[in-house]
């Protein structure tokens, strides 16, 4: 197993299969790369099937035991089922998707080896959903959630980005998962450092406080030291789990991060928030991939608390020892 100098074992990888997407969500940061989305047709700069599989197999050699496939929209890849089928058996395989292509494919993905799925759903109101995603795919997303449940992918985790435009929809989304077996909710703090528009950000602590008042049980997850809130439905019959992902200005979150990322073009990335740490994997032979993994983990540092340090005024600035890298 590879461990960085901050004693963080790398146990997971997050692999972007494409930057293409059929949605145009206003908060998208494309896995930290910014708005690089291109045409919907397959592009030559995307890793090929064999490349993706080779990355997963090499990661497994280092004790990485989970892989999550992302995008863009990863289900635009027609080879997704083949990729999942060829992932090493030792790795848990999951997928983040907007859900629109799950009807008709969910069963095949499970047969290929998919074990978990996250589906982006920022509102349960059709008009609000369209405004956030700039799409008319609401009904198809709902069908996708049902298809995932029918295929045995429960619990299905719904991803909701929390910012000014969606904060008012949090209570009904919480009730929605509490009253529907098989669903969980992941509230993701809006990250202005990746997308701009800092005025859209909200105080995520208020969401924590509100959930704590409603929760019948609170627990912590090892990944990122995240809090989980168990909420009863309004009728008292259901019970749902809500988890908050709150990385902004959170050194504890970064100190408990155990994943590296792979871009759709075949670069290793040690931190979502940085693009000055990209490591090419050359022609993506097993040897080149191994070397890149070793290098990216060796250079990996917590973003908040190390790469960025808190100022006396309560803000954040780049640690002096990383200034040269940041300016490169």
Quiz item: When you go through (1) modelled with pLDDT of 95 or more; (2) surrounded by 21 or more Cβ atoms within 10 Å (Cβ to Cβ) one by one for residue 302, which number turns out not to apply?
Solution: (2)
Self-check item: Residue identified as under 30 Å from residue 178 (Cβ atoms) and surrounded by fewer than 20 Cβ atoms within 10 Å (Cβ to Cβ) among 248, 309
Solution: 248
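Do we have any residue at all in segment 76-86 that's outside any helix (DSSP H, G or I) and buried (at least 24 other Cβ atoms within 10 Å of the Cβ)?
Checking segment 76-86: not a single residue is outside any helix (DSSP H, G or I) and buried (at least 24 other Cβ atoms within 10 Å of the Cβ).
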Quiz item: Given segment 215-328, what strands (runs of 3 or more DSSP E) lie entirely inside it while holding 3 or more residues that are within 19 Å of the chain's Cα centre (by Cα) and closer than 25 Å to residue 122 by Cβ?
Solution: 226-232, 239-245
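Within segment 172-183, is there a residue that is more than 30 Å from residue 12 (Cβ to Cβ) and surrounded by fewer than 17 Cβ atoms within 10 Å (Cβ to Cβ)?
Taking segment 172-183 as the starting set, the residues that turn out to be more than 30 Å from residue 12 (Cβ to Cβ) are 172, 175, 179.
Checking the rest, the ones that are also surrounded by fewer than 17 Cβ atoms within 10 Å (Cβ to Cβ) come to 172.
Scanning segment 172-183 turns up at least one residue that is more than 30 Å from residue 12 (Cβ to Cβ) and surrounded by fewer than 17 Cβ atoms within 10 Å (Cβ to Cβ).
So that you can scan it fast, the table gives a plain yes or no per residue for (1) part of a helix (DSSP H, G or I); (2) in contact with a helix residue (DSSP H, G or I) (Cβ under 7 Å, 6 or more places away or on another chain); (3) closer than 24 Å to residue 284 by Cβ; (4) at pLDDT below 90:
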site: 15; (1), (2), (3), (4): no, yes, yes, no
site: 28; (1), (2), (3), (4): no, no, no, yes
site: 35; (1), (2), (3), (4): no, no, no, yes
site: 43; (1), (2), (3), (4): no, no, yes, yes
site: 60; (1), (2), (3), (4): yes, no, yes, no
Quiz item: Which condition does residue 273 not pass, out of (1) free of Cβ contacts under 8 Å to residues at least 40 places away in the same chain; (2) in contact with a helix residue (DSSP H, G or I) (Cβ under 7 Å, 6 or more places away or on another chain), if it passes all the others?
Solution: (1)
Quiz item: Consider residue 144 against the criteria (1) out of contact with any helix residue (DSSP H, G or I) (no Cβ under 8 Å at 6 or more places or on another chain); (2) crowded, with 19+ Cβ neighbours inside 10 Å: it satisfies all of them except one. Which criterion is unmet?
Solution: (1)
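The values are calculated or read from the model by the stated rules, or taken from the named source; none is laboratory data. Note that this is a predicted model, so its numbers are computed, not measured. Cβ coordinates were reconstructed from backbone atoms using ideal geometry, including for glycine residues, and neighbour counts include every protein chain displayed.
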